[in-house]
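Where a number appears in this text, it was derived from the coordinates with a stated rule and is not lab data. None of these values were measured; they are calculated from a predicted model. Every residue, glycine among them, receives a Cβ derived from its backbone with ideal geometry; neighbour counts consider all protein chains shown.
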Amino acid sequence: MIAPHRLAPRSTATRRPLPARDPSIDALSPDERAIAAATWHGRAESELRASGSFAYIAGVLAEAGAPGELVALARRAIHDERRHAMICWYAACAYAGHALPEPRRLPLAIPRLPRASAELRRVLHVIGMCCLNETTANAFHELCRDGARAPLATAVLHELACDEVDHARLGWAFAAGPAVDAATRRELAGWLPELLAGNVAAWRERPRRAISDALVAHGCPRWDDVDRVVIAAIDDLLLPGFADIGIDVAPARNFARSLSTG
């Protein structure tokens, strides 16, 4: 296992130090270690891309007249996601047994939403990137944590989960606040199926890998379980959340049914 001083400064990237050594990694086969390293490295790049998402969202919130504390939270999230990338990269190197390339800054794809007005587009971007993406990410991390047993993976997942909850709350607080008026809420009902479809499609872009029971214990869930959790999050978290803030979720519920039967 690579010496931690060769990687990210764990004392500044995490609330509490990550394990300097995880003997359970040595018990994995070479193929399992390669899959774990690739999985955690991919997460590092996803987290780094998320920092760009929040840089964009911070500007959107300011333009939309969101409360200052929400703008400040979005700006904090930029740094949170950079830390997450560093932590996941540390894990990836530990599984590889040597220093891997630093995570790439993947391009940020902002949905164009040409049918929406500029004002509505801002709301849709916050809802899509925060309410949908981050709430689903919380469900994904819960799945990972439920299966994780390895000390390093468990500690890393704990660090990620501590911040992701706040990132999702940012979106919900904005959507429930005065910046989104009654007319916009009525429009949102018709947009939710499209937003949900985009969210599900993004999660389904994950590479399919042969995940053993041992890898589940290292925070790498099986693809089918991830898909199940993403779909369940729509029924159990997203639709109730939108209904609570006064958005008609009937069109979105029809879309959710199509996922369950498709």
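Compactness of region 1-147 was expressed as the Cα radius of gyration divided by 2.2 N^0.38 Å, which yields 1.21.
Considering only PRO30, VAL200, VAL156, and ranking their Cα positions along the charge dipole of the chain that arises from unit charges at the beta-carbon of Lys, Arg, Asp and Glu, the one farthest toward the positive end is PRO30. Extension gain for the segment ASP236 to GLU187, taken as residue separation times 0.36 nm less the Cα-Cα distance, is 15.4 nm to one decimal. May I ask for log10 I(q)/I(0) of region 131-240 at q = 0.12, 0.15, 0.16, 0.23 Å⁻¹, from a Debye sum over the Cα atoms as equal point scatterers with solvent left out? Each listed q corresponds, in turn, to -0.48, -0.70, -0.78, -1.31. If you run the Gaussian network model on the chain, springs between alpha carbon atoms under 10 Å, then out of ARG149, ARG115, ARG186 the most flexible one is ARG115. Overall dimensions of the chain, expressed as equivalent-ellipsoid semi-axes from the Cα gyration tensor (√(5λ), whole Å, largest first), are 34, 21, 14. Largest mean-square fluctuation among LEU48, LEU160, LEU113, in a Gaussian network model of the chain whose springs join Cα atoms under 10 Å apart, belongs to LEU113. Each of ALA161 and ASP248 was given a label point 7 Å from its Cα along the Cα-to-Cβ line. The distance between the two points is 3.8 nm. Taking every alpha-carbon pair under 8 Å whose residues sit at least 6 apart, the chain reaches a relative contact order of 22 percent.
Need the C-alpha centroid separation for region 75-91 versus region 183-216, integer Å. Answer, in whole Å: 22.
Can you work out the FRET efficiency for the pair ALA99 and ARG228, with r the C-beta to C-beta distance and R0 = 30 Å, to the nearest 0.05? Result of the calculation: an efficiency of 0.30. Computed about its Cα centre, the charge dipole of region 197-262 is approximately 280 debye, with only Lys, Arg, Asp and Glu carrying charge at their Cβ.
Remark: spin-label model distance ARG208-SER29 equals 1.9 nm, labels positioned 7 Å along the Cα→Cβ axis. Computed about the Cα centre, the dipole magnitude for region 113-232 is approximately 280 debye when only Lys and Arg (+1) and Asp and Glu (-1) carry charge, each at its Cβ.
The residue list GLY190, ALA62, ALA233 was ranked by how far each Cα lies along the charge dipole of the chain toward its positive end, using unit charges on Cβ atoms, and ALA62 comes out on top.
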